1. Please specify each residue of the stretch 406-416 satisfying the condition of being more than 18 Å from residue 389 (Cβ to Cβ) and in a helix (DSSP H, G or I).
2. Can you confirm whether residue 373 is in the same structural domain as residue 303 (by TED's automatic domain parsing) and on the phi < 0 side of the Ramachandran plot?
3. Report the residue count in the stretch 28-84 for those that are part of a loop (DSSP other than H, G, I, E, B) and either more than 30 Å from residue 214 (Cα to Cα) or over 28 Å from the mean Cα position of the chain (by Cα) (or both).
4. Can you tell which of 336, 368 is in contact (Cβ under 8 Å) with a residue 40 or more places away in the chain and within 28 Å of residue 173 (Cα to Cα)?
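The values are calculated or read from the model by the stated rules, or taken from the named source; none is laboratory data. Here the structure is a predicted model, which is why all the values come from computation and not from measurement. Here Cβ is always computed from backbone atoms with ideal geometry, including for glycine, and neighbour counts include all displayed protein chains.
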């Protein structure tokens, strides 16, 4: 969604676009080079930063840059057109599954009116800052003036990909409230560098309002507040709504039904498998601080619950699970980590659908078993595989099917291959040739006497 939807284009036009800097410039620092920009969003780079440069050979446009190589390359590309950088870090390449560190929240506000009239980016920044003030949000650390719009950055403490669901929810809230580009809010996004040029020839500059990063949890709480009235109403409830199926899953007591092959049954087994993993690694079922997988496990438990638990009981079930596995977490923290699961479950209960690749889908998260196994790779050990029912690797599942078919044939009266070969050894050995008789005579005599 572009800024043109909430700021009339005529108001963004000016006879000149200089100076770019807002009224806050008296207390801000100008950012004029690529190194100025990169040193702020990657002050302690550990992984790879991905940079896109404009060139004729497409394969050579993408660069995976190590910490030691970043500054020399940025100095080389200063002043060139259309240079982009990832605000986050990766393990070698720009893919969600290779995400290493989340470094900031960011927002792209563009004016997409395809005219040659310059855009008053200072006014765009001023309007955005006024809106942020009205929302009682922390102000951004940086404002980048791209030539056709602005980028806003909220620097925060470096985080592992475990917090990705909360980070994504905050990004969506920024886009919705500030009318940003919803196509430029994912964790793999590349954004323009200061000290380079837009394709229209304008020099990309920026200003630094504050160098100190925000604490991640505090920043997310400011953007995604939990309403107090919800907490109060929850405390006033004398009884909580529970779903008996969730308790059965916790105790691994599933109802035996014939031909259980629905998606709901699969998620039920995934939920049971997640509890099996927890019980194997931690005797008291409490995930210790510093394990690195606390939020990830809570999120997957909540998402699995959303597929087979009644919508009105889901929130109570999630909080019940959190009290067991993460007793140190407050209700607000649990709600923050699982709010996206609850929202999607409510949409599903209301009959809403989402369109993906031209098809209608249930709005709840559709994780694959490989995706869940990869997310919990450090906990998914070989000795647990025989206990799994939903999170079963493909090769193990194929072997299980072979054994099941074999057992089914035995139950139906079939014999093993060894027994079959033994009972049909005559066809291989051809004993009628040694007896100098025909095959038909051999079998006729054998049928009469059972011996030859």
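1. Residues satisfying the conditions are 406, 408, 409, 410, 411.
2. Criteria met by residue 373.
3. Going residue by residue through the stretch 28-84, those that are part of a loop (DSSP other than H, G, I, E, B) are 28, 32-33, 42-47, 54-57, 61, 66, 78-80, 82.
After this cut, where a residue has to be either more than 30 Å from residue 214 (Cα to Cα) or over 28 Å from the mean Cα position of the chain (by Cα) (or both) as well, the list is 28, 32-33, 54-57, 61, 78-80, 82.
Count: 12.
4. 336
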